[in-house]
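Chemist: Encoded as structure tokens, here's the structure I'll be asking about.
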Amino acid sequence: MRVGEFRTSLLAIALIAALGAPAAAAALDVGVPDHFEAALSEAAAAFVEETGHHVRLHFAPVPPGAFEIARQGGMDVLIPPCDESAKAFCDNGWVSPDTGKRIFYRRMAIILPPKNPRGIARLLDVLQPDVTVGSLSVLRSRIEQVAPSLCADPHEDMDVMGLWCGNDNVMMDMLHLGVLDAVIAWDTFAADDARNFVVVRLPRSAAASQACAPITAFVTPASDDPEAAQQLVDFLSESLTAQDIFMKHGCMLDDGGHAAWYDEHPGKRFDPIYRSIARQVIDDYGIAEGRALDIGCGPGQMALMLTEMTNLDVTGIDIEPEVVEIGRRHAEEAGLAGRCHFVCADAHSLPFPDNYADLIVSRGTLPFLRDKVLALREVYRVLKPGGVAFLGGGMGRYTSEDMAKKLYPKGVSPETALGWGPGQTREDSIFPFPVRNFAALVTEAGIRDYTVIDEGGRWVEIWK
Ligand SMILES: C[S@@+](CC[C@H](N)C(=O)[O-])C[C@H]1O[C@@H](n2cnc3c(N)ncnc32)[C@H](O)[C@@H]1O
């Protein structure tokens, strides 16, 4: 596609909705960067279904395609590709700043081939001389701040090697073909790619203010129907429907700023339960040597307990770079950093080879995963034959009802405290999800040898 051109997608659903829509239905034109296509198409279709308005999405490469769309005018809503472009849109009067609302965040990330063959875990690993790194030329000023040594590389202008690519699809193909070992770019470039690239989001300590960018939707001054346009902006930023859709497409719903709070509050309050769950796992499976993984480890309490109580080499994995940093700090403070590691990674594309871990645990994370079946397949892939995975949510069977009540704030019922909600039977509980669904998910992931455990919360143990 030539720069400045854009594709228009008239949502089929708009036509269907229009047949039964009220006379006041608006026709909204929305300018969108093309790599938000999947997420925005789905969210816009949900809006059309809910309101009866028509939505026409105009996709363009970013930038300068997005700016072209703005210049051509006629858009009711504009979604700039990141905060810097949002500022440029505001400065040029293409959007009305007071109408803007954040719809999701994207994060600078290291993107790696499936299974991470080079074993890259941090920015430092990427900056080794034998690693060929790619990025987009439009991200150059950001990369200069994230990794100045990359920009000082003597090959910086070698288009053939693709260090600075003009097009994100070409860049991701080069990564897949092995021309590049790693890419530093927005995490959203990998989110909708069926090739299951490994994503390592960069923490603020490595990427400072470049780490995270909010994506904002704005109403433009050119809009024919500002009220309906604002309705769309509100829907995208506030409705649970849109949030579910964005999460499904791997878009972040917050910027990770809550990590320290999580460590300080739930992390501290639940301290005794990490010990009881670790004890239960050790007693039940007798695995005290080899490698263990904790998926969605948060600030690392369970990973640290397992390390302390066994001879296992434990790795905590979390998609949130800030909690991974806190986990590393705790491991150092406890003198366990030699055997307790933390890696920023996505449970949907684990950065480990097949048959890697003797034990895998995961507490409280499954409900947050956009594709639970894919994540279960990843767990099974990296689990060693003869190994066990213990996944789910709750406090474990060694936590008494009294203890559970103490740990939760006043007024929370013991049922909730132990892992299922007030007025619900265990069978129908929504957290982490009903027992029967749990079994269905594991089966769908192709896993045969498993047991659903309905005690001390809701868990599944998986054998390979
Ligand atoms: C409720 S917390 C549980 C943390 C910890 N396991 C505990 O029991 O306290 C859920 C964790 O899952 C992480 N998470 C969410 N999506 C993830 C993903 N796709 N891959 C890895 N971790 C993820 C979150 O960042 C968060 O730290």
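What follows is calculated from the coordinates using simple rules that are stated; it is not laboratory data. Only a predicted model underlies this, so the values are computations on that prediction, with no experimental measurement involved. In this analysis, Cβ positions are derived from the backbone assuming ideal geometry, glycine residues included, and neighbour counts consider all displayed protein chains.
Chemist: What FRET efficiency do you get for Lys406 and Arg329 if R0 is 41 Å and r is their Cβ-Cβ distance, rounded to the nearest 0.05? Intermediate values should be presented prior to the final figure.
Modeler: Values: r = 28 Å, r/R0 = 0.67.
Efficiency computed from Cβ-Cβ geometry: 0.90.
Chemist: Once every DSSP H run of n ≥ 4 in the chain is given -39500 (n - 2.57) and the sum is divided by its residues, what mean residue ellipticity at 222 nm do you get, rounded to the nearest 500 deg cm²/dmol? Spell out each step's value before the answer.
Modeler: On the way: 20 runs with 169 residues, N = 464.
After summing the helix terms and dividing by the residues of the chain, the value is -10000 deg cm²/dmol.
Chemist: Going through the cross-link list Lys406/Lys464; Lys372/Lys464; Lys87/Lys372; Lys115/Lys248; Lys115/Lys268, which pairs have a Cα-Cα distance over 29 Å in this structure?
Modeler: On the way: Lys406/Lys464 37 Å; Lys372/Lys464 18 Å; Lys87/Lys372 37 Å; Lys115/Lys248 21 Å; Lys115/Lys268 33 Å.
Cα-Cα > 29 Å for Lys406/Lys464; Lys87/Lys372; Lys115/Lys268; rest within.
Chemist: Given the range 260-463, what percent of its DSSP beta bridges are antiparallel, to the nearest 5?
Modeler: Details: 10 of 29 bridges.
The antiparallel fraction comes to roughly 35 percent.
Chemist: Now a separate question. Could you give the Stokes-Einstein D for the chain in µm² per second, using the C-alpha Kirkwood radius, 37 °C, 0.692 mPa s? Present the calculation step by step, with values, prior to reporting the outcome.
Modeler: Values: Rh = 23.7 Å.
Here the translational diffusion coefficient equals 138 µm²/s.
Chemist: Shifting gears a bit: Give the value in nm², to one decimal: projected area of the alpha carbon convex hull of the range 260-463, averaged over all directions. Let's see the in-between values first.
Modeler: Details: hull surface 41.5 nm².
One quarter of the hull surface, i.e. the mean projection, equals 10.4 nm².
Chemist: Hey, another quick one. Just want to confirm a number: the relative contact order over the chain, from Cα pairs under 8 angstrom separated by 6+ residues, in percent. Numbers along the way, then the final one.
Modeler: Working: 953 pairs, mean separation 60.2, N = 464.
That works out to 13 percent.
Chemist: Mind checking the full-extension length gain between Glu264 and Gln145? Use 0.36 nm per residue of separation minus the Cα-Cα distance, one decimal, nm.
Modeler: Details: separation 119, 0.36 × 119 = 42.84 nm, distance 3.04 nm.
Once the chain is fully extended between Glu264 and Gln145, it gains 39.8 nm.
Chemist: I've got another one for you. Restricting to the chain, compute how many DSSP beta bridges are antiparallel as a %, nearest 5. Write down the numbers at each step before the final one.
Modeler: Numbers: 31 of 63 bridges.
Among the beta bridges of the chain, antiparallel pairing accounts for roughly 50 percent.
Chemist: Need one number: nm distance between label points at Phe368 and Asp192, each 7 Å from Cα along Cα→Cβ, rounded to one decimal.
Modeler: Placing both labels 7 Å along Cα→Cβ, they lie 2.4 nm apart.
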